[in-house]
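A short worksheet on the structure shown next.
Please treat every number below as a calculation from the coordinates, not as lab data. Small disclaimer: the values here were computed from a predicted structure and weren't measured. Reconstructed Cβ throughout: ideal geometry from the backbone, glycine too, with neighbour counts over all protein chains shown.
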Amino acid sequence: MSNLEPTDVGPAAGGDRTVSETDRQHVITLLTTAHAEGRLTVAERDRRATQARQAEIFDDLVPLTRDLVTVGPAAVRYAEASTGGVDQIVAIFGGAERSGHWPVRPHTFVTTIFGGAELDLSEAVFEARELTIEVFCLFGGVELKVPEGTTVDNQLIAIFGGCDHKVGPPTPDGPRLTLKGFAGFGGVEVRNPKKPKRSR
């Protein structure tokens, strides 16, 4: 769930400021979304929505959504069914890029020869929890961004090349990625997406 809660509230930041109807509707939207995701019962949603409609200052609104705001990694999207196929990404004397809501199949082959590939899985739709990405990298490079909580099993063979992976701790319900293949005179980099800076 997106962080829809106002951040400029509290005793030191105008928590006693009068709320507008837009502020109330903002909170009710968050409550409705939480119910749709199964995080609130109908009774709890209605109870909090009633309190939101009666709120007069921001300090009345904050407790209604505090436990609903996502502070951890964003939820990974899984497809309802898998195609069972494989994907091939090729960059020879050029580049290849995948990002956004693209489908990640259980097995993906990536070939880069005097080229590079940038694969951003942070918003992708996973067709399986267990994934394999097999790389052939010769005088090229692969940059791979994986969601927070992903388990990375690095089995890549590097000769005059390397694989640099620095990711956060895995979570029990996170995807598991096995990285295989060969990197010669090239490199593979695995990272979590950069966290956006919070506005003040």
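For the chain, with a Gaussian network of springs between Cα atoms less than 10 Å apart, report the residue from G95, G84, G184 with the top mean-square fluctuation.
G84
At what distance in nm do the modelled label points of K180 and E44 sit from each other, each positioned 7 Å from its Cα along Cα→Cβ?
With each label point 7 Å from Cα toward Cβ, the separation is 4.3 nm.
Of the listed values (1) 22; (2) 35; (3) 44, identify the label whose number matches percent of Cα pairs over 28 Å apart calculated from this model.
Computed from these coordinates, percent of Cα pairs over 28 Å apart corresponds to label (3).
As an exercise, use a Förster radius of 30 Å and the Cβ-Cβ distance of E118 and E80 to find the FRET efficiency, rounded to the nearest 0.05.
With R0 = 30 Å, the Cβ-Cβ based efficiency is 0.65.
Could you tell me the calculated FRET efficiency between I157 and A36, based on Cβ-Cβ distance and R0 = 30 angstrom, to the nearest 0.05?
Efficiency, from the Cβ-Cβ distance: 0.05.
Under a cut-off of 13 Å between alpha-carbon atoms, report the aspartates and glutamates in cross-link reach of K145, not counting same-chain residues fewer than 8 places apart.
E97, E118, D120, E123, D164, E189
In the stretch 96-158, which chymotrypsin sites (Phe, Trp or Tyr not before Pro) are in a loop and have at most 16 other Cβ atoms within 10 Å, using DSSP for the loop call?
Loop-located and lightly packed - F114, F139.
Of S122, S20, S99, which is the most mobile in a GNM of the chain whose springs link Cα atoms less than 10 angstrom apart?
Of S122, S20, S99, the Gaussian network model singles out S20 as fluctuating most.
According to a simple spin-label model (label point 7 Å from Cα along Cα-to-Cβ), what is the distance in nm between R191 and H101?
In this crude spin-label approximation the distance works out to 2.6 nm.
Note the angle between two axes, namely the Cα long axis of helix 21-36 and the longest principal axis of the Cα atoms of the chain, as a number of degrees from 0 to 90, rounded to the nearest 10.
Here the helix axis deviates by roughly 50 degrees.
Hey, what did the chain get for relative contact order, percent, Cα under 8 Å, at least 6 apart?
16 percent
Under 10 Å, Cα contacts only: if you run a Gaussian network model on the chain, which one of T132, T150, T83 comes out with the highest mean-square fluctuation?
Evaluated over the chain, the most mobile residue of the options is T83.
Using only Cα atoms, tell me the angle between helix 42-54 and the longest principal axis of the chain; keep it within 0 to 90° and round to the nearest 10.
The answer is roughly 60 degrees.
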